[in-house]
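The structure appears right after this line, and notes come after that.
The values are calculated or read from the model by the stated rules, or taken from the named source; none is laboratory data. Bear in mind that the values here come from a model prediction, so they are computed numbers and not experimental data. All Cβ positions, even for glycine, are placed from backbone atoms using ideal geometry, and neighbour counts span all protein chains on display.
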Amino acid sequence: EIADTPLVVRGLRKTYGDGFVAVDGVDFTVERGQVVGLLGPNGAGKTTSLRTLMGLLQPTEGEMRVFGHKVTPGAPVLSRLGALVEGPGLLPHLSGMDNLKLYWRSTGRPESEAEFDTVVRIADLGDRIHRKVRKYSHGMKQRIAIAQAMLGLPELLVLDEPTDGLDPPQIAEMRRVLHDYASDGRAVLVSSHLLAEVEQTCTHVVVMSRGRVVGKGEVKDVIGSGGRLEDAFLEL
Ligand code: ATP
């Protein structure tokens, strides 16, 4: 049922002012329990899709529904949606924990120790959370930023290129973090331009090319063992 589905995208189309069609009739669904990768090379239309989902852009045609609610610019942001679209804006002289708390205060929502504990556990930050951010690796900064998006435990978590610049062990950790997050009936949508990263971190994939969806489904069916869609992606 649509009211219980984290994300339903139907016939999404976005034309920019100059007439350029960035997103051209996109359909896909994100179900609870799934970690979905929105995969495509630069210019495929991923960022345009995510910005529309954030209510930053008005679609030219079609719609995005989050738990049945149509996303429109100007409407209040749904509390069931949590997103990280830009890179981490962290204060280097504060600890990771203080950054999290400060961020949460800025949202004006009540603080819950239990919620903080859950996010710190899922994001697997360990004792490092009490160290100053300026001493963090890129991967650790990325994890704090993702923890910010997880605060409030939104049922749909949206992350723009969360594995960008991470090394293989950090990508493996990211997989665990995202799967743990989604395993509790929540869902995650991540964008990526790297096939291998989606293969390693996601359960499902939506492959975009030049504004269109050229393949979607379970990662194991869509990617790997010389599949047709992998070939399509590699040819781009
Ligand atoms: P990237 O990984 O580089 O962000 P992407 O898949 O996210 O790529 P988009 O950023 O959505 O792709 O861009 C899709 C296409 O739309 C690109 O060709 C881009 O040049 C074009 N585009 C994006 N924003 C605008 C704009 N404001 N006006 C005109 N064209 C735009």
- Of the residues in the range 6-22 that are within 7 Å of the ligand (Cβ to nearest atom) and among the hydrophobic types (A, V, I, L, M, F, W, C), the one that is farthest from A44 (Cα to Cα) is F20
- Task: Consider R65 carefully, then state whether it is under 18 Å from the mean Cα position of the chain (by Cα), touching a residue at least 60 places away in the same chain (Cβ under 8 Å), outside any loop (DSSP other than H, G, I, E, B) and farther than 25 Å from H193 by Cβ.
- Result: yes
- Message: Quick check on the range 167-177. Is at least one of its residues touching a strand residue (DSSP E or B) at 6+ places or on another chain (Cβ under 9 Å) and not in a helix (DSSP H, G or I)?
- Response: no
- Between residues in the range 162-183 that are at positive phi and residues that are modelled with pLDDT under 90 and of a type outside the set (K, R), which pairs lie under 7 Å by C-beta distance while being six or more apart or on different chains? G165/H138
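One line per residue, one yes/no per condition, for (1) part of a loop (DSSP other than H, G, I, E, B); (2) in contact (Cβ under 8 Å) with a residue 40 or more places away in the chain; (3) over 24 Å from R186 (Cα atoms); (4) touching a His at 6+ places or on another chain (Cβ under 8 Å):
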site: R13; (1), (2), (3), (4): no, yes, yes, no
site: D18; (1), (2), (3), (4): yes, no, yes, no
site: R32; (1), (2), (3), (4): yes, yes, no, no
site: L38; (1), (2), (3), (4): no, yes, no, no
site: N42; (1), (2), (3), (4): yes, yes, yes, yes
- Query: From the list T60, T52, T48, which residue is in contact with a Pro (Cβ under 6 Å, 6 or more places away or on another chain) and surrounded by 15 or more Cβ atoms within 10 Å (Cβ to Cβ)?
  - Reply: T52
- Would you be able to say whether some residue in the range 84-91 is farther than 28 Å from R32 by Cβ and modelled with pLDDT of 85 or more? yes
- Query: Given the structure, is G82 crowded, with 19+ Cβ neighbours inside 10 Å, of a type outside the set (A, V, I, L, M, F, W, C), within 23 Å of S192 (Cα to Cα) and more than 16 Å from the ligand (Cβ to nearest atom)?
  - Reply: yes
- Quick one: in the range 168-198, which of the residues that are over 15 Å from the mean Cα position of the chain (by Cα) and among the acidic types (D, E) is surrounded by the most Cβ atoms within 10 Å (Cβ to Cβ)? E173
- Query: Taking the condition assigned to a helix (DSSP H, G or I), among the β-branched types (V, I, T), closer than 15 Å to D124 by Cα and in contact (Cβ under 8 Å) with a residue 40 or more places away in the chain, does I144 pass?
  - Reply: yes
- From the list L157, L153, L78, L100, pick out the single residue that is under 20 Å from L7 (Cβ atoms), hydrophobic (A, V, I, L, M, F, W, C) and not in a loop (DSSP other than H, G, I, E, B). L157
- Message: List pairs: first residue in the range 47-60 and near the ligand (Cβ under 9 Å from one of its atoms) and charged (D, E, K, R), second residue assigned to a loop (DSSP other than H, G, I, E, B) and at pLDDT 90 or above anywhere in the structure, Cβ distance under 6 angstrom, at least six positions apart or on different chains.
- Response: R51/L57
- Single condition G165 does not satisfy, out of (1) modelled with pLDDT of 85 or more; (2) surrounded by fewer than 18 Cβ atoms within 10 Å (Cβ to Cβ): (1)
